[in-house]
Amino acid sequence: MEKYGFQAEIQKFLDIVINSLYTDKEVFVRELVSNAADACEKVRFMQSSGQTIFQPEIPPTISVTIDEKEKKITFTDTGCGMTRDELIENLGTIAHSGTKAFLQSTVAANDDEKNNGSNANSSNPAESLIGQFGVGFYSAFMVANNVTVLSRSFKPDAEGHKWTCSGMDGYELESVADLPRGTQVILTLKDNCQNFTQQYEMENILKRYSSFILFPISLNGKELNTVQAIWARSKVDIKPEEYSEFYKYIAHDTKEPLLKLHFTADAPLLIQSLLFVPDSNIEKMGFMRFQAGVSLYCRRVLISEGSKAKGLLPEWMRFVKGVIDSADLPLNISRETMQDSSLMKKLSTIITKRFIKFLEETSKNDPEKYDKFYSEFNRMIKEGVLSDFEHRDALAKLLRFESSFTDAGKTTSLTDYVSRMKTDQKEIYYLVAPHRKAAEASPYYEGLKSQNLEVIFCYDPADSFVMENLMRFEEKELRSAEQAEITVETNAEKLNEEQSKHIVEWFKTLLGDKVKEVKISKRLIDSPAAIVSEDKYMTTAMRKLLKSLQKEEDALNTVNYNLEINPASPIICELYKAWDNHNPIAEEIASQIYDNACIAAGLVEDFSPLIKRMNNLMEKTLKQSFK
Ligand code: ADP
Ligand code: MG
């Protein structure tokens, strides 16, 4: 047995690795399994490139065993193993990565072979190898006070060795006979790390970090990684069942996914990504919220889990489940965060853009599917329009609404609306109403309808926020129907100017502070009167929405809407006569007209005084007609 001491600076560095490099102790599992996977990959590569290896009949596998009584965890692989020199070089030197050196030598060799025109019958391991920093192994010391490594190299004439380290001062090395090919790393756990010998705990950690390692992993004999990293495979080779199985595994869902996007990119980053939209929106009911579900991987090893990968994708995409794998991630040494945040931003933008484009394509190629998607997830798209400035315009194209030109139940996009606009039409009109019937009966709709202008019907209260926030679409202003400036010409009998002036004054005296002003309307056709907001942004729909959210009390308490009266309405004409004749019923009718306008604007909450007056009026009408 020989003893080797660590250099002083290595001791310091080791201290950093153990005490402050990693945020979670459990990452030692990720690091040791990654090393085992790299060792398996190397032996697979060497075998496939025709080299003679020790015990070629043993396939590369990884097994983990935990022993609660002995307080031990053992990681065993049948990979390439290490010679005596390699043990000293790889485990006795911090920041020396044998894997990186291996990669550089094989890539160089591959290039040579290519130049010589010979065909190496072996895939390049560059994409599969994980190690690169030469510190991961030491993460074992976060949880163990003794680490023993038994290793036998793949080289046929090599000997087996035992490497032991139980302190910061150095390690011991001795040769051991009759070891099989590969490496065994045995950890004797510190007292406060006993939880890692619990089957449940260890299984979860292994599944979290290493589900998609290319080689079989078992825990105390139980095989764990039965799901393949299909995102890294070519699309044509993947069966639909495989996608569905994969989705169910990562999303913990029993239903089939609604949509799937599998895509790869080469520049500016190598990206392999597989995204799914679930069948239903759990947020629809209002008491659950999606946890961001897209995890970030680098060469099949988890870097950050969906819920922790905050900021990876925009918030509105939280309903999306899946993985993004990039072999090019500029990871920092702990492999937990990125060194280059601008590159992460780029990654986020690439994925988000591609996902939006995919939804756009789905709406064209499979409208029925898109409708189903939209009915489930429209609130997410709207949230995106409101919150994701970078992608707002692209997201606006995904919005769908019924309109006065569509059949009931059918929708249109804003793009299609614009394509139908009249040549002299400058604005896109929309009307917020609880449903189609209400929209069609709205006093705000009649003027636009008479001029054959298409009006978007918005049934979701959130739509008024969306439209006001969006402001314009393809250079066209979005205009609430209430605010549309239109003048309808009519030949019908109507009040003259003098009469109009009188009725306006009378209404204002009657209503007092309930309205800001009373005006003669230029836009009404059938309705006797309508409430019209003075403030472009505080439309009646918005007022109603804010009221339901109990927000902006001040804005709500200042009355900034007018009553517009239709001088051509038969009711108004008759009302004028009644008023002129000092008929006492005139006052009640006028109040009812005002209340009806408020109902149409969605401003009435207490109907009881209105019903009382209505009953009163009916009684009087009946008495009068049977006199
Ligand atoms: P990295 O994996 O980033 O290279 P590590 O500190 O995790 O750094 O490991 C250092 C080196 O030790 C590896 O590059 C590899 O050459 C060697 N090594 C570690 N574990 C094993 C193993 N199970 N089998 C073979 N070699 C290993
Ligand atoms: Mg490593």
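Points worth noting:
- Residues of region 62-89 satisfying the condition of being touching a Leu at 6+ places or on another chain (Cβ under 6 Å) and more than 10 Å from ligand 1 (Cβ to nearest atom): Val64, Lys71, Ile73
- Of all residues in region 598-627, those that are touching a residue at least 40 places away in the same chain (Cβ under 8 Å), under 27 Å from His502 (Cα atoms) and in contact with a helix residue (DSSP H, G or I) (Cβ under 7 Å, 6 or more places away or on another chain) total 3.
- Remark: pairs (first residue in region 153-166, closer than 12 Å to Ile88 by Cα; second residue surrounded by fewer than 18 Cβ atoms within 10 Å (Cβ to Cβ) and aliphatic (A, V, I, L, M); Cβ separation under 8 Å; 6+ apart in sequence or on different chains) = His161/Val176; Lys162/Val176.
- Applying the set (1) at pLDDT 90 or above; (2) outside any loop (DSSP other than H, G, I, E, B) to Phe290 leaves exactly one unmet item: (2).
- In region 110-130 there is at least one residue matching the filter, namely being under 30 Å from Ser20 (Cβ atoms), near ligand 1 (Cβ under 9 Å from one of its atoms) and at pLDDT below 95.
- Residue check for Val64: out of contact with any strand residue (DSSP E or B) (no Cβ under 6 Å at 6 or more places or on another chain) and either in contact (Cβ under 8 Å) with a residue 24 or more places away in the chain or crowded, with 19+ Cβ neighbours inside 10 Å (or both): no
- Screening Ile205 on (1) surrounded by 14 or more Cβ atoms within 10 Å (Cβ to Cβ); (2) hydrophobic (A, V, I, L, M, F, W, C); (3) in contact with a strand residue (DSSP E or B) (Cβ under 6 Å, 6 or more places away or on another chain) shows it passes everything except condition (3).
- Top-ranked residue in region 553-595 [being more than 18 Å from Asn616 (Cα to Cα) and small (Gly, Ala, Ser); ranked as modelled with the lowest pLDDT]: Ala555
- Filtering Arg472, Arg400, Arg479 for residues that are modelled with pLDDT of 95 or more and of a type in the set (Lys, Arg) leaves a single hit, Arg400.
Each row is one residue, and each column tells you yes or no for (1) of a type in the set (Val, Ile, Thr); (2) surrounded by fewer than 15 Cβ atoms within 10 Å (Cβ to Cβ).
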position	(1), (2)
Glu475	no, yes
Gln483	no, no
Ile486	yes, yes
Glu498	no, yes
Glu505	no, yes
Thr509	yes, yes
Val518	yes, no
Ala529	no, no
Val532	yes, no
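- Segments classed as strands (runs of 3 or more DSSP E), wholly inside region 1-107, with at least 1 members that are within 16 Å of ligand 2 (Cβ to nearest atom): 62-67, 72-77
- The residue list Ile486, Ile503 contains one member that is modelled with pLDDT of 90 or more and hydrophobic (A, V, I, L, M, F, W, C), which is Ile503.
- Scan of region 1-55 for residues that are over 36 Å from the mean Cα position of the chain (by Cα), away from ligand 1 (no atom under 15 Å from the Cβ) and among the β-branched types (Val, Ile, Thr), ordered by number: Thr52
- Those helices (runs of 4 or more DSSP H) of region 428-513 in which at least 2 residues are within 30 Å of Ile381 (Cβ to Cβ) and among the polar types (S, T, N, Q), considering only elements entirely within it, cover 463-470.
The values are calculated or read from the model by the stated rules, or taken from the named source; none is laboratory data. In this text, all values refer to a predicted model and were calculated from it rather than measured experimentally. For neighbour counting, all protein chains shown are included, and Cβ atoms are generated from backbone atoms with ideal geometry for every residue, glycine included.
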